[in-house]
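The values are calculated or read from the model by the stated rules, or taken from the named source; none is laboratory data. Because the structure is predicted, anything quoted here is derived from the model rather than measured. Note: ideal-geometry Cβ built from the backbone for every residue, glycine included; neighbour counts use all protein chains shown.
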Amino acid sequence: MKINTLDTLLNEEIKDLYDAEKRLVRAIPKMAKAASSEDLRSALMEHLDVTKNQVSRLEQIFKILGAPAKAKACAGMKGIIEEGEETIGQNAEDAILDAAIVGAAQRVEHYEMAAYAAARAIAEHLGNQEVAALLQETWDEEQEADEKLSGIMGDLLSDAEEAGSGSAGANRSAAH
């Protein structure tokens with residue numbers, strides 16, 4: 001498909017986001033199941049509900065744009081989810097694995113934030129404030145999820161260090 005107008009570009013961006021969010025609806029429960037931290041599991045499951053609402057919001061955007069709700073394979077999200085699945089499959093202590101899961105989840109959030117910001121900028125440029133506002137609402141939710149994950153990461157790193165896992169200082173002193 002040739003993309004020769006900003007309207008077409010916006011539509012393609014929305015299709016890409018739609019696929020990404022639908023992939024996440026399937027991936028998030030796997031991440032939550034692999035997490036040992038109740039805080040992490042809870043945050044992921046909360047975000048699953050948010051993600052389902054984001055799918056609905058994208059469907060609303062399709063209606064506003066007068067386009068069918070149709071996904072276009074999002075190769076970027078597919079790759080990020082595959083990396084997350086590799087992370088889940090690692091043999092690691094609980095706190096270390098949970099920290100790795102947070103890292104994988106934050107990569108998802110950052111990718112989404114970039115994609116939503118780009119789509120929002122196009123919608124704003126086209127004067128479609130209704131679509132821009134819906135995209136901003138989702139961007140805000142992604143940022144909130146990222147901040148929550150950052151807090152959980154800090155707790156997990158402290159727990160891992162207290163348990164004697166992965167501390168560079170502890171490893172160096174043990175070698176002497």
**Study point:** Residues of segment 119-134 classified as small (Gly, Ala, Ser), more than 12 Å from LEU58 (Cα to Cα) and crowded, with 16+ Cβ neighbours inside 10 Å, total
**Key:** 1
Check your understanding: For segment 1-88, list the helices (runs of 4 or more DSSP H) that sit wholly inside it and hold at least 1 residues that are polar (S, T, N, Q) and at pLDDT 95 or above; which are they?
Key -> 6-34, 38-65
Review point. Looking at this structure, is ALA99 outside any helix (DSSP H, G or I) and surrounded by 14 or more Cβ atoms within 10 Å (Cβ to Cβ)?
Key: no
Check your understanding: Looking at segment 1-40, which of its residues are touching a residue at least 60 places away in the same chain (Cβ under 8 Å), touching an Asp or Glu at 6+ places or on another chain (Cβ under 8 Å) and more than 15 Å from ILE81 (Cα to Cα)?
Key -> ALA35, SER36, SER37, ASP39, LEU40
